[in-house]
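First comes the structure, then the notes that go with it.
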Amino acid sequence: MVNSKDNSSTDSENSSGDVPDSKPSLYFEGEKVLAYHGPRIYEAKVQKAELRKNEWRYFVHYLGWNKNWDEWVGPDRLMKHTEDNVLKQQALDKKQGMEKSTKSGRSAPAKPKSSADVKLDKEETKSNVPKGKKRKTDSSAEKGNVSVEKLVKIQIPSTLKKQLVDDWEFIMHQNKLVKLPRSPSVDDILTKYLEYRSKKDGMMTDSVGEILNGIRCYFDKALPALLLYKKERQQYHEAVSDNVSPSSVYGAEHLLRLFVKLPELIAYAKIDEESLTKLQQKFLDFLKFLQKNQGTFFLSAYDGPKASEGNGKDKES
């Protein structure tokens, strides 16, 4: 979820309510509401209500989430907390492939994405944006042969979760694409990590090399099927040919999306519990490496070509 707090210094035309013909506020301070963020709806509480430039703006806190996610939104992002709107929220969650936990016979409202959820749990990569709580996926439940207990828990650092949401915002809201080929590429990043581990451990470990090769393989196979937004499809066909691997063309932005999908993908591999635990630790260490080099590996803005029209992903996953 993108942290988009309004700065009062840049939006200084606040009104005290004495503007002629101004519309009354639809929501009051302290009111529990439902708030849109991307394709999902979350429970929130109105902390402040201000009339700015003759338009009401609301500062909301997403219930159950850190105050860092608090933000200013317009009335178009909010809905009254009614039974009908809660049903709408649940329908959207179901569409995203999320199975909600139930409480007192009713589905518990979804929390705002700490982004895959971002994204890549946002509309494109069903779990594209990471969740703060353990959840099952409908796809797993439907297939019946993957239990949530077997899923590797990959805790994505908060700054990388925001990166996922920003990624979604650039593509879905601003219609921009990551300019390809990326530098450093996924191959470059994996090589840098291997060098980092070798230097830190004082030797080259075969296990790290095997895991990185596995990540590269998963990435090359999963990218066209699971990791692309529909708006990126044409770009993929133009950038990747039969003799070119995606890992040599794409960079950290798409690599991070893979880690949202990895738990589900690895669940189908025959790996014992002890190995899964070790694998989880290796993944977490790699994510910390990405976080440490976030300013170098990730783009701060997408200045590439405009994305082609279309919504959602080619495939629901």
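The values are calculated or read from the model by the stated rules, or taken from the named source; none is laboratory data. Not measured: the values here are computed from a predicted model. Cβ placement follows ideal geometry from the backbone for every residue including glycine, while neighbour counts extend to all protein chains displayed. Just so you know, the surface numbers come from the protein's heavy atoms only, side chains and all, with ligands and any DNA or RNA stripped out. Shrake-Rupley method; radii C 1.70, N 1.55, O 1.52, S 1.80 Å.
Every test in (1) part of a helix (DSSP H, G or I); (2) under 17 Å from Leu299 (Cβ atoms); (3) not aliphatic (A, V, I, L, M) is passed by Lys179 save one, and that test is (1). Taking each residue of region 158-170 that is at pLDDT 90 or above and charged (D, E, K, R) and looking for partners that are open to solvent by less than 30 Å² (accessible area, probe 1.4 Å) and part of a helix (DSSP H, G or I) with beta-carbon atoms closer than 9 Å, six or more apart or interchain, yields Asp167/Glu253; Asp167/His254; Asp167/Leu256; Asp167/Arg257.
The residue that is farthest from His173 (Cα to Cα), among those in region 62-76 that are surrounded by 18 or more Cβ atoms within 10 Å (Cβ to Cβ) and of a type outside the set (Asp, Glu), is Trp65.
Residues that are farther than 21 Å from Asp93 by Cβ, in contact with a Gly (Cβ under 9 Å, 6 or more places away or on another chain) and modelled with pLDDT of 50 or more are absent from region 147-157 altogether. How many residues does region 77-96 contain that are open to solvent by less than 50 Å² (accessible area, probe 1.4 Å), hydrophobic (A, V, I, L, M, F, W, C) and in a helix (DSSP H, G or I)? Residues that pass the stated criteria total 2.
Note on region 23-61: residues that are of a type in the set (A, V, I, L, M) and open to solvent by 80 Å² or more (accessible area, probe 1.4 Å) total 1.
Residues that are open to solvent by less than 10 Å² (accessible area, probe 1.4 Å) and modelled with pLDDT of 50 or more are absent from region 99-111 altogether.
Would you mind stating whether Lys45 is of a type in the set (D, E, K, R) and at pLDDT 80 or above?
Against the criterion (of a type in the set (D, E, K, R) and at pLDDT 80 or above), Lys45 qualifies.
The set of residues from region 215-238 being surrounded by fewer than 17 Cβ atoms within 10 Å (Cβ to Cβ) and among the small types (Gly, Ala, Ser) comprises just one member, Ala225.
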